[in-house]
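Before any comments, here is the structure.
The values are calculated or read from the model by the stated rules, or taken from the named source; none is laboratory data. The model shown is predicted, which means the values in this text are computed figures rather than measured ones. No Cβ is skipped: glycine too gets one built from the backbone with ideal geometry, and neighbour counts run over all protein chains shown.
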Amino acid sequence: MQHKKALAEINAALLEQGYISDASIAMAIHLSRALKKPLLIEGPAGVGKTEIAKVMAKVMTTQLIRLQCYEGIDAPQALYEWNYQHQLLHLKMLENESASIEQKEQQLFSEKFLQKRPLLEALQTAQPSVLLIDEIDRADEEFESFLLEMLSDWQITIPEIGTIEATSIPQVILTSNRVRELSEALRRRCLYLYIDYPTFDKEVDIVTQKVPEINEFLAREISAFMQELRKMRLEKVPGVAETLDWATALAEMHFDHLDKSLVESTLGVVLKDWDDLRNTQDSLSELFEKVKVKLRVE
Amino acid sequence: MKRKLSIDQHVIQFCRFLRENGFAVGPTEEVDVLNALATIDWSQSQYFKEVLRTVLVKNISQYHLFDELYTKYWRELKRAEDSKLKDSQERDKQSKAKQQAPSIEVIKNWLHGNPQDEIKEVAQYSPGVAKGKADLSAFAEEESREWSSVVRMLKKQLENQPNRRSIHNKKPGKISLRPLVRHNMRKGGELLDLYFKHPKKQKLKLVLLCDVSKSMDLYARFIIQMMYAFQNSGLQIETFVFSTSLYRATRLLKSHSLKKALNALSDHIEEWGSGTRIGDCLWEFVDRYGRSLLDRKTYVFIMSDGWDNGNAEVMEKAMKKIKGNSKKVIWLNPLASSANFAPEVQGLQAALPYIDALLPATNIKDLKYIL
Ligand SMILES: Nc1ncnc2c1ncn2[C@@H]1O[C@H](COP(=O)(O)OP(=O)(O)OP(=O)(O)O)[C@@H](O)[C@H]1O
Ligand SMILES: [Mg+2]
């Protein structure tokens, strides 16, 4: 069957872009394209949620348009904004003209003074883009329902200009760290992908992929160490980003294996919380034992 | 004779099964699954499962439940096929009844306990209700009114905090450009009326953590009513219960009647009235839900007597984290209302530095008084 290839192709294309995928990720990407549904990705910090959108845009050889959400973001900020400064200037210039209010209004609220923001931009590309709505959980419910409406109508109304319909419908990816629970309605509109911290094997693959100069044994040691570290009670659990920072630093210094003093002096790259750092330093011998066992099993 | 179901029928039946287990799966999702299956070679069973998961799971708790339910579906189907239909139906019925009976007993025991009578009078909101016979599911009308007034008061008290979202009007403040342009244009370009931004009132967020261990059984009625009233108040609130482990009760409490909520609670929570490991449970909360539920706008209420047979260090660590990531931590302690109360309990001692307020609460009057 031709479709059978679809998943393998997605995996290969992601790998080509340096992204280590797995069955769930490939399936989620495939189905969100096939069913034309937005993909909602949740998971802890630094597990590669945002990266998926970036890589997907490359795989589809299309443009990535990113809307970064934040507390207090509202519809105009995401869609368009009138260029108030220019409008005010223009208004001053019109002062002595005899044009009617209606005429002035038409001049002021024309596309000339319209600044496109990511959402409007994504509706008006020639070719469907990948629209990344990053960290949607930071926006409030009001904004969420506005988004929901846009995701089903694919048109927006600018009061002064009228309704603008999408010229192309983007492939939408939403990410969330679950700062706030998203509404049931939005969830049902999307396909869902949960990305957890990587398994040992996946993490080894990511490290060797992203830090090619690293020695294979060190990559395995680092990954095993990270796996054990995440089992501890930490204030701030390190993600893949931290693993990669650490691996890069160690590889650059040409180390080929971990030892206690090396970990002691470089652990700050991985643990950003002072208490975590201190507690881990205290139980380093224990941790090393576990890493050894882990490596023997794997 | 086995009657094999077609794949479509399986999908429909599995969707129904998920629905019974709290998934919001409707016709849209069923159609999505069928469309999705058409795009993939699902003869490999792992692909079939992956398609169902990707289309039908909508949040993290469903994600964690899915594997189990999927296995269960096929297992039960097999069982039904293996034996005569009638047989299996009967067995099903029986096992269901058996499952429910003991857990309701457990919660009832916890609810009524066997405390000394005089303390019980203090603990119950309305002493007139006969001990042990009180039908807790009948949420007396007067009580329910009182509860809504408590929740309203609480809402009012907590809600008056400004935040970053703005309201535009003419009261002096930070100048707001959008209305400025729109309105002054009508005046022909002179900047006559200035418009200003004003902070908007903040949305309340609450987390309620309730101790339902043995030592709390005196206050059972109060706790359950409190959880129910809060959860159904329209506030943005998450409710957890704990004894030796933690359980997220939010979904179970959202119900049209207290009785239904009570049944749901007793069906799902097995550890009513057991020992307490507050520290570990609070840590579990921080670890699993802290990042998603706590922020600087969240008020955390902990309802517990502080009796802990766990590790005080873990308790301190958890409390520190909760305190650091929320707006205020309020500890409601039933013991605090007695005259000679001193927070000497070890668990409470460890928590004390991270509490903004330690308040007595054994009944609704206490709560009103506090507010
Ligand atoms: N599977 C993977 N393959 C390759 N690189 C990965 C993978 N997962 C994560 N990374 C790398 O880890 C880093 C963090 O990823 P990303 O920024 O996408 O995380 P995130 O989940 O969006 O985090 P946050 O929640 O903090 O936004 C990136 O540099 C990314 O390249
Ligand atoms: Mg991200």
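Of all residues in region A:212-252, those being away from ligand 1 (no atom under 16 Å from the Cβ), in a loop (DSSP other than H, G, I, E, B) and aliphatic (A, V, I, L, M) number 1.
Only one entry of A:Glu97, A:Glu81 meets the criterion of being loosely packed, with under 14 Cβ neighbours inside 10 Å and facing another protein chain (nearest Cβ under 10 Å), and that entry is A:Glu97. Suppose we keep only residues that are surrounded by fewer than 19 Cβ atoms within 10 Å (Cβ to Cβ) and touching a strand residue (DSSP E or B) at 6+ places or on another chain (Cβ under 8 Å) within region B:289-324. Which one would you say is nearest to the other protein chains (Cβ to nearest Cβ)? Of everything passing the filter in region B:289-324, B:Asp295 is nearest to the other protein chains (Cβ to nearest Cβ).
A Cβ distance below 8 Å, combined with a sequence gap of six or more or placement on separate chains, defines the contacts here; from region A:1-28, residues that are over 22 Å from A:Lys210 (Cβ atoms) reach residues that are modelled with pLDDT of 85 or more and in a loop (DSSP other than H, G, I, E, B) in the pairs A:His3/B:Thr39; A:Ala6/B:Thr39.
Hey, any hits in region A:132-155 for a residue that's aliphatic (A, V, I, L, M), more than 14 Å from chain B (Cβ to nearest Cβ) and within 16 Å of ligand 2 (Cβ to nearest atom)? Checked region A:132-155: at least one residue is aliphatic (A, V, I, L, M), more than 14 Å from chain B (Cβ to nearest Cβ) and within 16 Å of ligand 2 (Cβ to nearest atom). The listed residues are A:Leu191, A:Leu277, and the only one of them that is free of Cβ contacts under 8 Å to residues at least 60 places away in the same chain and of a type in the set (A, V, I, L, M) turns out to be A:Leu277. Take the residues of region A:21-42 that are out of contact with any strand residue (DSSP E or B) (no Cβ under 6 Å at 6 or more places or on another chain) and not in a helix (DSSP H, G or I): which is farthest from the other protein chains (Cβ to nearest Cβ)? Per the criteria, the residue is A:Ser21. Return yes or no: is A:Lys49 in contact (Cβ under 8 Å) with a residue 24 or more places away in the chain and within 16 Å of ligand 1 (Cβ to nearest atom)? Spelling it out, A:Lys49 is indeed in contact (Cβ under 8 Å) with a residue 24 or more places away in the chain and within 16 Å of ligand 1 (Cβ to nearest atom).
Of all residues in region B:38-60, those being hydroxyl-bearing (Ser, Thr, Tyr) and more than 9 Å from every other protein chain (Cβ to nearest Cβ) number 1. For region B:263-307, the set of residues classified as modelled with pLDDT of 75 or more and assigned to a loop (DSSP other than H, G, I, E, B) consists of B:Thr276, B:Arg277, B:Leu294, B:Asp295, B:Arg296, B:Lys297, B:Ser304, B:Asp305, B:Gly306, B:Trp307, listed by residue number.
The set of residues from region A:178-192 being within 16 Å of ligand 2 (Cβ to nearest atom) and either at pLDDT 95 or above or at the interface with chain B (Cβ under 7 Å from one of its Cβ atoms) (or both) comprises A:Arg178, A:Val179.
Taking the stated definitions as given, is A:Ile169 surrounded by fewer than 19 Cβ atoms within 10 Å (Cβ to Cβ), in contact (Cβ under 8 Å) with a residue 60 or more places away in the chain, more than 16 Å from ligand 2 (Cβ to nearest atom) and among the β-branched types (Val, Ile, Thr)? Criteria met by A:Ile169. For region A:193-238, a residue qualifies if it is away from ligand 2 (no atom under 16 Å from the Cβ), away from chain B (no Cβ under 14 Å), of a type in the set (A, V, I, L, M, F, W, C) and within 27 Å of B:Asp287 (Cβ to Cβ), and the qualifying residues are A:Phe200, A:Val204, A:Val207, A:Ile222, A:Ala224, A:Phe225, A:Met226, A:Leu229.
Which one of these is within 18 Å of the chain's Cα centre (by Cα) and facing another protein chain (nearest Cβ under 9 Å): A:Ala45, A:Ala6? None of the other options fit; the residue is A:Ala45.
A:Ala57 fulfils the conditions (1) farther than 16 Å from A:Glu135 by Cβ; (2) more than 9 Å from every other protein chain (Cβ to nearest Cβ); (3) in a helix (DSSP H, G or I); (4) free of Cβ contacts under 8 Å to residues at least 60 places away in the same chain except for a single criterion, (4). For region A:257-268, state whether one or more residues are away from ligand 1 (no atom under 16 Å from the Cβ), polar (S, T, N, Q), not assigned by TED's automatic domain parsing to the domain that holds A:Glu42 and not in a helix (DSSP H, G or I). Taking every residue of region A:257-268 in turn, none turns out to be away from ligand 1 (no atom under 16 Å from the Cβ), polar (S, T, N, Q), not assigned by TED's automatic domain parsing to the domain that holds A:Glu42 and not in a helix (DSSP H, G or I).
Exactly one residue out of A:Arg188, A:Arg233, A:Arg278 is assigned by TED's automatic domain parsing to the domain that holds A:Lys36 and surrounded by fewer than 19 Cβ atoms within 10 Å (Cβ to Cβ), and it is A:Arg188. Mind checking whether some residue in region A:5-24 is within 16 Å of ligand 2 (Cβ to nearest atom) and of a type in the set (S, T, N, Q)? No, every residue in region A:5-24 fails to be within 16 Å of ligand 2 (Cβ to nearest atom) and of a type in the set (S, T, N, Q). Has region A:216-230 got any residue that is touching a residue at least 24 places away in the same chain (Cβ under 8 Å), closer than 26 Å to A:Pro38 by Cα and not assigned by TED's automatic domain parsing to the domain that holds A:Leu31? So far as region A:216-230 goes, no, none of its residues is touching a residue at least 24 places away in the same chain (Cβ under 8 Å), closer than 26 Å to A:Pro38 by Cα and not assigned by TED's automatic domain parsing to the domain that holds A:Leu31. Looking across region A:239-274, just one residue is within 14 Å of another protein chain (Cβ to nearest Cβ) and within 16 Å of ligand 2 (Cβ to nearest atom), and that is A:Gly239.
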